[in-house]
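Take a look at the structure set out below.
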Amino acid sequence: MRHHRWGNESVVYNDLTGDTHLLDDDTMAVLHALRGEALSLDSLCLALGAAGDTAAVAELLDGLARLALVKSPA
Amino acid sequence: MTTVAALSRPELGKRLRTTGIYLQTGQFITHVTTPFASVADAMHLLYADYPLLDAAPFADFHVGVAPPAGLRRWLRPQARFVYDGTHPFLPLPADQAFPMFEWGLNWCVSSRAHTYLILHAAVVEKHGRAAILPAPPGSGKSTLCAALVSRGWRLLSDELTLIRPADGQLVPLPRPISLKNGSIEVMRAYQPGIVMSTPVADTTKGTVAHVKAPSASVARCAELARAAWIIFPRYQAGAPTVLTPLSRGRAFMREAENGFNYSVMGPTGFDALGKVISQAESFDFSYSVLDEAIALFDGLAAAAP
C-alpha cells in the first residue's frame, strides 16, 4: 500500500481506483491491521485495542469500504 | 549558441512563414510555423533570449498557428492552433493568434510531457530554494509571480510546474508570464519598463498580455531547483498579508487536484508529489499589497538555511 505519513495525517494511493485519499491515524490503523489478513469486526477491534469501540471501528470500516480500500468477504 | 535575437523581425517572420523555426524552451524543442505577423511580433519581443536551433533532428512538438481554409481567411479572419497536422481546438479570432500560441504550447507540455509530474502552478526560486504557487485562475498567482520575478526571483514557470519523479527536483520551463485584465496595468505600474506583448481584448480569459521572462531565468533553464515552500496564494482586495501553515497531507491533496497529469502518472505521480511535499513547508497565503507580499517571500528566502 503506497502511502505517506506526515504528523497525524496520511495520504494513501488506491491501486485499484487510482484515487488518492487523506486519512487520519485511526483510519490508517484499521487499514494497517487488515493488510495481512481478513479479520472479523470483533477480531479487528481486539487487534486495535479498541474492544469497547466496535461501533466506531465499524464506522471507519464503512468509510474505507466506500473508498474501495477494504472490502467485506463475499 | 544562436538565439531568436539573432534574427531581425523581418527574418523571423519569413522563417516562421516558410520553413518554421526550432525553438528551445527549457527541456523542449518546438518546431513553430505561422503566417501571422502578430505572432512573429510577439515572439521577436518575448522570445529573443531563447535558443534557436538551425535544424533539429527531433522536435518534441510541431505546432503552428494558421488561418482556416476558405472564406474565413478574409471574412472575420480567424486563427487555429495546429499540432502535428491536427486541430485540437476551435479557431479563435485572428487577433488572438499569439495568446493561442501560448495556450497551445502549454497544452502540448501538459498533455504530452508525462516524463514529469506537471502541476498547474507557478514556480520561482531564490538562493537555490523554490516556491511553488499553485492556484486557480483569479487567485493572483501570475501577478504575484511577475512581481517576484521583477524583484530578483528566478522564474522557473508561470504556469507549469514540472517535477522530476526520480528525486522531486523542479525542472525549469521559463516562458512568458500570462497576465489578465487588471493585472496588466498593475504590473506596468509595479515594474516601469516591463517588456510586455500588446494586450489582446475579448479572449475567453478577458484581456490578456504576456510579460517577457528575465534573460537570466532563460539562461539558467537547465538549472534544477528544490522545492522549499508550497504557497497557495489568494489575492483579496484589502486583505492583510497573512501566511498560514498548512498540513502536508492537505497540501498534498490540493496539489494533486492541481495536477495536469497526476491521474495519468498513477503511482509514479503519487510518489513524486510525496517527495516534493516532504521537502517543502506548505502555507495558505492571502495578500493585497504586492510590496508586502514580496517582503514576506524575501524574508522566507533570507531565513532559509
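The values are calculated or read from the model by the stated rules, or taken from the named source; none is laboratory data. Computed from a prediction, not measured in an experiment: that's the story for all the values here. With ideal geometry, Cβ positions are generated from the backbone for all residues, glycine too; neighbour counts draw on all protein chains shown.
Miscellaneous remarks
- The strands (runs of 3 or more DSSP E) found wholly in segment B:5-107 and carrying at least 1 residues that are in contact (Cβ under 8 Å) with a residue 60 or more places away in the chain occupy B:21-25, B:28-33.
- Checking the stated criteria, B:Arg80 turns out to be of a type in the set (Lys, Arg), crowded, with 20+ Cβ neighbours inside 10 Å, farther than 29 Å from B:Glu223 by Cβ and not assigned by TED's automatic domain parsing to the domain that holds B:Phe252.
- Within segment A:23-54, being within 30 Å of B:Asn261 (Cα to Cα) and surrounded by fewer than 16 Cβ atoms within 10 Å (Cβ to Cβ) holds for A:Asp24, A:Asp25, A:His32, A:Arg35.
- Some residue of segment B:128-144 being under 13 Å from the mean Cα position of the chain (by Cα), of a type in the set (D, E, K, R) and either assigned to a helix (DSSP H, G or I) or surrounded by fewer than 24 Cβ atoms within 10 Å (Cβ to Cβ) (or both): yes
- Conditions (1) away from chain A (no Cβ under 14 Å); (2) assigned to a helix (DSSP H, G or I); (3) buried (at least 21 other Cβ atoms within 10 Å of the Cβ); number of the one not met by B:Ala302: (3)
- Any hit, segment A:34-41, residues being assigned to a helix (DSSP H, G or I), farther than 26 Å from B:Ser247 by Cα and touching a helix residue (DSSP H, G or I) at 6+ places or on another chain (Cβ under 8 Å): yes
- Within segment B:159-186, the set of residues being over 17 Å from B:Asn258 (Cβ atoms) and within 12 Å of the chain's Cα centre (by Cα) comprises B:Pro172, B:Pro174, B:Arg175, B:Pro176, B:Ile177, B:Leu179.
Residue-by-condition table, conditions (1) over 16 Å from the mean Cα position of the chain (by Cα); (2) basic (Lys, Arg); (3) under 16 Å from B:Pro176 (Cα atoms):
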| position | (1), (2), (3) |
| --- | --- |
| B:Gln191 | yes, no, yes |
| B:Met196 | no, no, yes |
| B:Ala209 | no, no, yes |
| B:Ala213 | no, no, yes |
| B:Val218 | no, no, yes |
| B:Arg226 | yes, yes, no |
| B:Phe232 | yes, no, no |
| B:Tyr235 | yes, no, no |
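- As for segment B:232-239, it holds no residue that is surrounded by 14 or more Cβ atoms within 10 Å (Cβ to Cβ), in contact (Cβ under 8 Å) with a residue 40 or more places away in the chain and either aliphatic (A, V, I, L, M) or within 14 Å of chain A (Cβ to nearest Cβ) (or both).
- For the criterion of being more than 29 Å from B:Tyr262 (Cα to Cα), charged (D, E, K, R), in a loop (DSSP other than H, G, I, E, B) and more than 14 Å from every other protein chain (Cβ to nearest Cβ), A:Glu59 fails.
- Annotation: of all residues in segment B:276-299 being aliphatic (A, V, I, L, M), assigned to a helix (DSSP H, G or I) and more than 23 Å from B:Val109 (Cβ to Cβ), the one that is nearest to the other protein chains (Cβ to nearest Cβ) is B:Leu296.
- Residue match in segment B:17-40 (condition: of a type in the set (D, E, K, R), at pLDDT 95 or above and surrounded by 17 or more Cβ atoms within 10 Å (Cβ to Cβ)): no
- Test: residue in segment B:83-97 that is closer than 30 Å to B:Ala272 by Cα, aliphatic (A, V, I, L, M) and out of contact with any His (no Cβ under 6 Å at 6 or more places or on another chain): no
- With respect to the conditions (1) touching a residue at least 24 places away in the same chain (Cβ under 8 Å); (2) of a type in the set (A, V, I, L, M); (3) more than 15 Å from B:Tyr116 (Cβ to Cβ), B:Ala303 lacks only one, and its number is (1).
- In this structure, B:Cys108 does not satisfy being hydrophobic (A, V, I, L, M, F, W, C), assigned by TED's automatic domain parsing to the domain that holds B:Thr204, out of contact with any helix residue (DSSP H, G or I) (no Cβ under 6 Å at 6 or more places or on another chain) and closer than 25 Å to B:Asp41 by Cα.
- Some residue of segment A:4-19 being within 14 Å of another protein chain (Cβ to nearest Cβ), loosely packed, with under 12 Cβ neighbours inside 10 Å and either touching a residue at least 24 places away in the same chain (Cβ under 8 Å) or of a type in the set (A, V, I, L, M) (or both): yes
- The set of residues in segment B:247-275 being under 30 Å from B:Met187 (Cβ atoms) and more than 11 Å from chain A (Cβ to nearest Cβ) consists of B:Asn258, B:Phe260, B:Asn261.
- Members of segment B:240-249 that are surrounded by fewer than 17 Cβ atoms within 10 Å (Cβ to Cβ) and not in a loop (DSSP other than H, G, I, E, B): B:Val242, B:Thr244, B:Pro245
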